[in-house]
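Peer 1: Could you have a look at this structure, given as structure tokens, before my questions?
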């Protein structure tokens, strides 16, 4: 971990569940501990209904000894990667990552350097371009332009799993409204955080960085419960939840 004082601390925040806690999370943590830029903290949020210090996996004890923190939070699904960190550490830079990716060692360095250039913006390793029809209405998510690198595009949609840096105050105070996001957008946290950035008038930046390796690609693709991508993209749940959230906040 970082041993030098920073004006604004950098916290890497992620969550894990089910078999991924012992099968894929260790590889993600190894890659995070090998980063060129050392964060001040790495925090893994596990749901308190299924995990505690009493049944904490022995395989993860070595990471605790290396400074990784494991905290227990109510089960708010994938929102655990960011919501608890925002609540507990509102004045910190929060970088979200996923538990099933092995990251290139330059990821945190590249995100942080981009932040230094534009400290008021949200910085993401992967962004999509939302497309609209002639009336200004959003087209279905599957028709958006994926993984763009042009920062002159006025509207960008980040994916938090590939690596996304949130400066303090970059998201609207409504972000932590559990009742609303669990009712309107329970499985599409990227959608929720994008709308919260819009409410806060925060822009996004695409960070050109080397990519990651998917730790367990075959399992992720063949088991629908293993990843939200099946439900959100292939079953069009992103569109349904996005419409609900935009309507709730009178946006388009």
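The values are calculated or read from the model by the stated rules, or taken from the named source; none is laboratory data. Just so it is clear, the model here is predicted, and its values are computed rather than measured. Every residue, glycine as well, gets a Cβ built from its backbone with ideal geometry; the counts of neighbours run over all protein chains shown.
Peer 1: For the stretch 177-210, which positions are assigned to a loop (DSSP other than H, G, I, E, B), free of Cβ contacts under 8 Å to residues at least 60 places away in the same chain and surrounded by fewer than 18 Cβ atoms within 10 Å (Cβ to Cβ)?
Peer 2: The answer is 177, 200, 201.
Peer 1: Filter the stretch 157-176 down to the residues that are within 17 Å of residue 10 (Cβ to Cβ), surrounded by 22 or more Cβ atoms within 10 Å (Cβ to Cβ) and out of contact with any helix residue (DSSP H, G or I) (no Cβ under 7 Å at 6 or more places or on another chain) and list them by number.
Peer 2: Answer for the stretch 157-176, where residues must be within 17 Å of residue 10 (Cβ to Cβ), surrounded by 22 or more Cβ atoms within 10 Å (Cβ to Cβ) and out of contact with any helix residue (DSSP H, G or I) (no Cβ under 7 Å at 6 or more places or on another chain): 164, 166.
Peer 1: If you scan the stretch 129-151, which residues turn out to be under 20 Å from residue 236 (Cα atoms), assigned to a loop (DSSP other than H, G, I, E, B) and without any contact (Cβ under 8 Å) to a residue 60 or more places away in the chain?
Peer 2: 130, 131, 133, 139, 144, 146, 147 - these are the residues of the stretch 129-151 that are under 20 Å from residue 236 (Cα atoms), assigned to a loop (DSSP other than H, G, I, E, B) and without any contact (Cβ under 8 Å) to a residue 60 or more places away in the chain.
Peer 1: Further question on the same structure: How many residues does the stretch 72-83 contain that are part of a loop (DSSP other than H, G, I, E, B) and surrounded by fewer than 18 Cβ atoms within 10 Å (Cβ to Cβ)?
Peer 2: Number of matching residues: 2.
Peer 1: Any residue at all in the stretch 41-56 that's within 21 Å of residue 204 (Cα to Cα), part of a loop (DSSP other than H, G, I, E, B), touching a strand residue (DSSP E or B) at 6+ places or on another chain (Cβ under 8 Å) and touching a residue at least 24 places away in the same chain (Cβ under 8 Å)?
Peer 2: The initial filter retains those residues of the stretch 41-56 that are within 21 Å of residue 204 (Cα to Cα), namely none.
For the stretch 41-56, residues within 21 Å of residue 204 (Cα to Cα), part of a loop (DSSP other than H, G, I, E, B), touching a strand residue (DSSP E or B) at 6+ places or on another chain (Cβ under 8 Å) and touching a residue at least 24 places away in the same chain (Cβ under 8 Å): absent.
Peer 1: Within the bounds of the stretch 77-86, is there any residue that is more than 25 Å from residue 169 (Cα to Cα), within 15 Å of the chain's Cα centre (by Cα) and in contact (Cβ under 8 Å) with a residue 12 or more places away in the chain?
Peer 2: The answer is no, given that none of the residues of the stretch 77-86 is more than 25 Å from residue 169 (Cα to Cα), within 15 Å of the chain's Cα centre (by Cα) and in contact (Cβ under 8 Å) with a residue 12 or more places away in the chain.
Peer 1: How about the stretch 64-95: which of its residues are touching a strand residue (DSSP E or B) at 6+ places or on another chain (Cβ under 8 Å) and within 18 Å of residue 1 (Cβ to Cβ)?
Peer 2: 64, 67, 68, 69, 70, 71, 85, 89, 92, 93, 94, 95
Peer 1: Scan the stretch 9-40 residue by residue and report those that are crowded, with 22+ Cβ neighbours inside 10 Å and part of a loop (DSSP other than H, G, I, E, B).
Peer 2: Matches in the stretch 9-40: 16, 24, 39.
Peer 1: All but one of (1) touching a helix residue (DSSP H, G or I) at 6+ places or on another chain (Cβ under 6 Å); (2) farther than 27 Å from residue 176 by Cβ hold for residue 27, so report the exception by its number.
Peer 2: Going through the list (1) touching a helix residue (DSSP H, G or I) at 6+ places or on another chain (Cβ under 6 Å); (2) farther than 27 Å from residue 176 by Cβ, residue 27 breaks only (1).
Peer 1: Identify all residues within the stretch 100-137 that are touching a helix residue (DSSP H, G or I) at 6+ places or on another chain (Cβ under 7 Å) and over 30 Å from residue 27 (Cβ atoms); write none if there are none.
Peer 2: 131, the sole residue that qualifies.
Peer 1: Okay, moving on. For the stretch 87-128, name all the residues that are in a loop (DSSP other than H, G, I, E, B) and under 29 Å from residue 216 (Cβ atoms).
Peer 2: Those that are in a loop (DSSP other than H, G, I, E, B) and under 29 Å from residue 216 (Cβ atoms): 97, 98, 99, 100, 103, 104, 105, 106, 125, 126.
Peer 1: Would you call residue 69 touching a residue at least 24 places away in the same chain (Cβ under 8 Å), surrounded by fewer than 16 Cβ atoms within 10 Å (Cβ to Cβ) and under 17 Å from residue 26 (Cα atoms)?
Peer 2: On the way: touching a residue at least 24 places away in the same chain (Cβ under 8 Å): yes; surrounded by fewer than 16 Cβ atoms within 10 Å (Cβ to Cβ): yes; under 17 Å from residue 26 (Cα atoms): yes.
Yes: the conditions hold for residue 69.
Peer 1: Quick one: in the stretch 211-232, which of the residues that are surrounded by 15 or more Cβ atoms within 10 Å (Cβ to Cβ) and assigned to a helix (DSSP H, G or I) is modelled with the highest pLDDT?
Peer 2: 220
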